[in-house]
Amino acid sequence: MSAFDGPSRSSTSTILRALRSISDLSPFSYPKSIASVALIIYEALRESNANKLDAERLSTRVMEVAWTLSSSLADAGTSPSGDLARSVGQLLRALEGIANRIRRQSSRCITTRFLRITKNSGDVRLLEEDLERSISLFQFQTRLANINLSKRLMGTEDDLDGQVESLLEASRQEKKEMFTNSPLPLKDISPKIVSASKQVLPPPPQVFFGRTSYVDRVVEQVTRDAQSRVAILGAGGMGKTSVALAAIHDSRVVSIYQSRRHFIACESVSDASCLISSLLESFDITTPSDFETLVSFLSRQTSRTLLVLDNLETPWESPANRQEVEYVLETLSDIPGISLLITMRGAERPSSVVWSRPFLPQLPCLDPQSSKEAFTAISGTSEDDDDLPTLLEALDHVPLAVTLMANLAQYSSCAALLARWGEEKTTMLTRGLEDRLSNLDISIQVSLSSERLKGAPQAFSALQTLSQFPDGASRKELESAMSPSTNIHAAVSALLQVALIQYDSSDRLRVRLRVLSPIREHVKMYFPLDNC
Ligand SMILES: Nc1ncnc2c1ncn2[C@@H]1O[C@H](COP(=O)(O)OP(=O)(O)OP(=O)(O)O)[C@@H](O)[C@H]1O
Ligand SMILES: [Mg+2]
């Protein structure tokens with residue numbers, strides 16, 4: 001019997017059917033993505049040996065929320081725009097995070113590990129807490145003025161309210177204790193079960209072109225000092241994770257750190273306590289599972305250890321979590337022999353760490369030759385195809401866009417793809433799965449729903465305006481294209497911070513602000529200026 005047999009079986013199957021049809025048939029990206037990710041969560045939990053009641057509760061809640069939202073958005077018959085789209089994007093990202101956490105555990109597989117995690121109600125409940133927090137945030141942000149979702153979401157919430165409230169309280173209490181404990185000097189606690197790490201490092205990227213000097217710089221910084229603190233920054237889908245993986249598999253890094261290279265995927269890590277749990281898990285420390293134990297354990301290491309915190313922006317970027325996450329980073333970076341390598345979307349490093357110098361520049365787009373090599377390696381297209389340079393240029397050589405386009409080129413010519421790009425833009429770049437590495441729109445939505453944009457309410461309209469300038473615009477040009485009351489300075493810095501725009505200095509006489517083509521086309525298609 002699966003975790004889903006039970007009293008709510010018939011309503012579950014109705015919602016399932018509805019979600020499948022939205023996922024298969026909706027012409028709109030948001031409802032489709034929400035329905036798909038809910039189905040992924042459902043399947044992942046069903047195939048697991050999770051504690052049945054916990055799994056059923058989580059899965060039912062995910063499906064209810066996804067169905068309410070996706071069916072209402074699909075009924076609205078148009079893509080949401082402005083604030084609503086950003087809020088939906090954020091909720092989608094939370095669902096995606098939950099799916100990834102379940103899938104990550106399951107794919108490690110490592111049956112025993114998965115059983116241990118999902119059978120533990122606390123872990124499923126952490127996922128539930130994340131979900132409920134995201135729903136509250138969504139309700140708060142949108143007040144659901146545009147579409148009548150409020151009551152429907154509230155209705156499904158009633159039965160879980162008390163339960164969620166007490167869980168949240170417990171978690172708040174736990175967090176408070178964790179952070180009020182004097183961090184250092186450490187008590188001499190010996191973890192009860194501490195074994196050598198059993199984690200498996202993700203492999204180096206299989207298709208990987210260009211980046212030689214960038215990877216060299218990462219390797220040089222990570223190997224040079226006994227304690228390195230290196231940050232790889234840049235726009236979404238630019239290849240930050242790939243560069244980090246290439247670097248940590250480089251023989252110079254391997255010879256120093258050997259099996260003490262730990263890769264922690266943070267894209268679904270919501271806050272400091274989840275980050276600590278992931279780190280503890282990576283070292284297979286099971287009890288006592290608190291930060292002090294982790295720090296104590298790391299302090300006892302006699303050989304250099306490398307911690308890779310990939311996509312650290314997820315737990316860090318929310319102002320509510322930032323201080324705690326920075327505290328964790330600062331403490332880790334103070335431990336002798338521990339090196340940090342982080343990747344983050346954006347242009348800003350967490351401020352609590354003394355980063356190795358010189359700072360690495362933001363990861364740029366691929367050079368045209370490497371972009372061509374990556375494309376032909378995946379698609380089998382001839383390098384001499386006349387339309388190929390134009391096609392790659394249209395994508396600004398952004399690796400994620402190049403990779404997704406190359407997948408389509410396995411059965412379409414470059415000329416046909418160029419014609420489709422003219423019509424469909426970023427919507428064509430999906431590989432069926434609805435996550436940020438398989439779907440360009442989702443990857444861009446992740447950046448658009450960044451918490452960091454919230455502090456600058458005019459940033460989004462600055463992005464819309466700048467997207468009208470394919471070759472970029474100077475600040476002055478942007479200023480004159482926007483309403484006089486706009487605080488251009490704040491809007492531009494917020495957009496630079498999250499790497500949704502960048503400086504283009506290809507014309508030495510005129511430094512411009514520019515939006516990369518995939519982001520530009522996404523913004524023009526989903527958030528056209530005249531609709532706002
Ligand atoms: N140098 C490269 N050559 C070929 N393909 C690449 C290269 N770099 C990245 N890619 C491909 O581009 C896609 C995005 O890469 P990656 O996940 O490393 O980007 P990212 O910057 O970490 O994205 P995110 O901001 O979502 O975390 C992946 O499919 C990856 O295989
Ligand atoms: Mg990444």
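The values are calculated or read from the model by the stated rules, or taken from the named source; none is laboratory data. Just so it is clear, the model here is predicted, and its values are computed rather than measured. Cβ coordinates were reconstructed from backbone atoms using ideal geometry, including for glycine residues, and neighbour counts include every protein chain displayed. These accessible areas exclude ligands, DNA and RNA; they are computed on the full protein's heavy atoms, side chains included. Shrake-Rupley method; radii C 1.70, N 1.55, O 1.52, S 1.80 Å.
Just checking, which of 493, 505, 443 is of a type outside the set (Asp, Glu) and more than 22 Å from the chain's Cα centre (by Cα)?
Matching residue, one of 493, 505, 443: 505.
Only residues that are at negative phi, in a loop (DSSP other than H, G, I, E, B) and of a type outside the set (Lys, Arg): list them for the range 240-287, please. Before the answer, list the steps.
Taking the range 240-287 as the starting set, the residues that turn out to be at negative phi are 240-257, 259-283, 285-287.
Checking the rest, the ones that are also in a loop (DSSP other than H, G, I, E, B) come to 249-250, 259-260, 266-271, 283.
Within the range 240-287, 249, 250, 259, 266, 267, 268, 269, 270, 271, 283 qualify.
Going by the structure shown, is residue 432 free of Cβ contacts under 8 Å to residues at least 24 places away in the same chain and either touching a strand residue (DSSP E or B) at 6+ places or on another chain (Cβ under 9 Å) or assigned by TED's automatic domain parsing to the domain that holds residue 34 (or both)?
Values: free of Cβ contacts under 8 Å to residues at least 24 places away in the same chain: yes; either touching a strand residue (DSSP E or B) at 6+ places or on another chain (Cβ under 9 Å) or assigned by TED's automatic domain parsing to the domain that holds residue 34 (or both): yes.
Yes: the conditions hold for residue 432.
If you scan the range 204-234, which residues turn out to be of a type in the set (Gly, Ala, Ser) and within 7 Å of ligand 1 (Cβ to nearest atom)? Working first, answer last.
Going through the range 204-234, the residues of a type in the set (Gly, Ala, Ser) turn out to be 210, 213, 226, 228, 231, 234.
Those that are of a type in the set (Gly, Ala, Ser) and within 7 Å of ligand 1 (Cβ to nearest atom): 210, 234.
Looking at the range 479-503, I want the residues that are part of a strand (DSSP E or B) and have a partner that is modelled with pLDDT of 95 or more and among the β-branched types (Val, Ile, Thr) with Cβ atoms under 9 Å, at least 6 apart or on another chain. Which pairs are those?
502/515
State whether the residues of the range 298-317 include one that is more than 16 Å from ligand 1 (Cβ to nearest atom), in a helix (DSSP H, G or I), more than 25 Å from the chain's Cα centre (by Cα) and not polar (S, T, N, Q). Explain how you work it out, then say what you get.
Applying the first criterion (more than 16 Å from ligand 1 (Cβ to nearest atom)) to the range 298-317 yields 298-307.
From what's left, in a helix (DSSP H, G or I): 298-299.
Those left that are additionally more than 25 Å from the chain's Cα centre (by Cα): 298-299.
Filter once more, so that each one left must be not polar (S, T, N, Q): 298.
Scanning the range 298-317 turns up at least one residue that is more than 16 Å from ligand 1 (Cβ to nearest atom), in a helix (DSSP H, G or I), more than 25 Å from the chain's Cα centre (by Cα) and not polar (S, T, N, Q).
Going through the range 457-487 one residue at a time, which ones are open to solvent by 10 Å² or more (accessible area, probe 1.4 Å) and either assigned by TED's automatic domain parsing to the domain that holds residue 85 or aliphatic (A, V, I, L, M) (or both)?
Correct list: 481, 482.
Taking the range 211-239, which residues are open to solvent by less than 40 Å² (accessible area, probe 1.4 Å), in a loop (DSSP other than H, G, I, E, B) and either farther than 17 Å from residue 343 by Cβ or among the charged types (D, E, K, R) (or both)?
Passing the criteria: only 211.
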